[in-house]
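Read the figures in this text as sums done on the coordinates, not as results from a lab. Since the model is a prediction, treat every value here as computed from it, not as a measurement. No Cβ is skipped: glycine too gets one built from the backbone with ideal geometry, and neighbour counts run over all protein chains shown.
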Amino acid sequence: MSQNRTRTDSPTEYDAVTYVWRMSAPAPSNSLAVEVSGVSRTFGRRRAVDAVDLSLNAGECLALFGPNGAGKTTLLRVIAGLLKATTGTVRVGGRSLRNDPEARGQLGLISHQSMLYRALTARENVEFAARMYGVPDPRSAAMRALERIRIADRADAPVRALSRGLQQRVSIARAIVHEPTVVLLDEPYTGLDAAGGAALTDMLRLLRGHGASLILVTHNVEEGLAVATHAAVMLGGRIVRRDDVASLDHAAFPAAYRSMVVDASDQSANRTVSVSA
């Protein structure tokens with residue numbers, strides 16, 4: 001496998017250096033798609049992620065709920081390889097994310113920030129990503145990805161001319177153009193209208209049907225449970241509740257989740273008052 005390092009006029013603060021990987025061979029069928037073991041991430045004295053363990057098999061989707069500041073996005077960035085874990089390990093398809101760069105080629109990341117090159121067209125943005133991953137016939141692959149998310153009719157429009165919702169669709173197409181086996185989604189429904197949200201939900205179900213594993217961070221309980229096989233709640237950097245969606249009471253869960261968030265907020269406020277006193 002070739003390994004190159006390419007400097008780009010990056011659209012984000014953490015893409016100043018873009019690592020270019022060719023897609024690796026599929027992982028053995030008996031290995032977990034994602035395995036997170038004892039992962040913590042600290043920023044100075046603050047522990048944003050605290051000893052998290054989770055695993056997913058092929059075709060499973062974890063909906064990860066939690067309030068702002070719970071550590072959800074930090075955890076996704078660690079799994080994506082954008083941040084290094086302070087402690088613990090991440091394995092993708094049986095490969096160590098830290099020690100085996102081929103593992104990165106199996107990942108796709110969809111964020112609520114589009115992270116697109118505004119001067120390029122929708123197709124050019126997606127095609128550029130396809131070339132980075134060494135996808136054969138990148139132009140055709142880009143068009144297929146745009147068609148999946150129902151925006152192929154705007155393929156030749158500059159990104160700067162697209163609405164927020166359409167830009168989000170382009171970023172989704174870019175994240176799946178190399179057909180990743182693990183897709184990480186951080187509030188992907190942000191900015192999407194009803195048609196865009198429906199297209200995303202259909203695409204996520206299609207990806208699962210083809211064996212991809214998904215980790216979906218969202219504040220919207222209904223959207224998350226609609227596509228997930230498992231649900232988890234994250235508070236204060238820890239996963240404090242896990243459920244199998246098939247056996248979950250969908251009617252009762254939203255209220256139980258809100259109660260957990262309120263209780264955690266009250267406890268945090270009480271600790272703050274005690275320290276101040």
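Residues in segment 122-130 carry Karplus couplings, in order, of 4, 5, 5, 4, 6, 5, 4, 5, 4 Hz; the curve used is 6.51 cos²θ - 1.76 cosθ + 1.60 with θ = phi - 60°, and Gly or Pro positions show x. Local charge for P138 was computed over the other residues whose Cβ lies under 11 Å away, with Lys and Arg +1 and Asp and Glu -1, and equals +1.
Couplings for segment 190-195, taken from phi via the Karplus curve 6.51 cos²θ - 1.76 cosθ + 1.60 with θ = phi - 60°, read 4, x, 7, 7, 4, 5 Hz in order; Gly and Pro are left as x. Dipole orientation for segment 3-276: of the candidates H250, N57, L83, L83 has the Cα lying most toward the positive pole (charges on Cβ; Lys, Arg +1; Asp, Glu -1). For the pair N99 and F43, a Förster radius of 22 Å applied to the C-beta separation gives a FRET efficiency near 0.40, rounded to the nearest 0.05.
Summarising the overall dimensions of segment 3-276 from its C-alpha atoms, the Rg and Dmax are 18.7, 62 angstrom.
With Cα atoms defining each centre, segment 62-86 and segment 141-178 are spaced 25 Å apart in the structure. Under 5 Å from the amide H of C61 lie the amide H atoms of L214, T229, H230, each residue being 5 or more positions distant or on a separate chain, with H modelled from the backbone and absent for Pro and chain starts.
Here D156 and Q113 are evaluated by their C-beta separation; at R0 = 22 Å the FRET efficiency comes out at 0.40. Electrostatic bookkeeping for R242 treats Lys and Arg as +1 and Asp and Glu as -1; over the other residues with beta carbon under 13 Å from its beta carbon, the sum is -2. For segment 78-88, the Karplus equation 6.51 cos²θ - 1.76 cosθ + 1.60, evaluated at θ = phi - 60°, returns couplings of 5, 5, 6, x, 7, 10, 8, 5, 5, 9, x Hz by residue, with Gly and Pro reported as x.
Taking amide H as placed 1.01 Å from N in the peptide plane, S111 has its amide H under 5 Å from the amide H of D186, each at least 5 places away in sequence or on another chain.
For the pair D137 and D202, a Förster radius of 30 Å applied to the C-beta separation gives a FRET efficiency near 0.80, rounded to the nearest 0.05.
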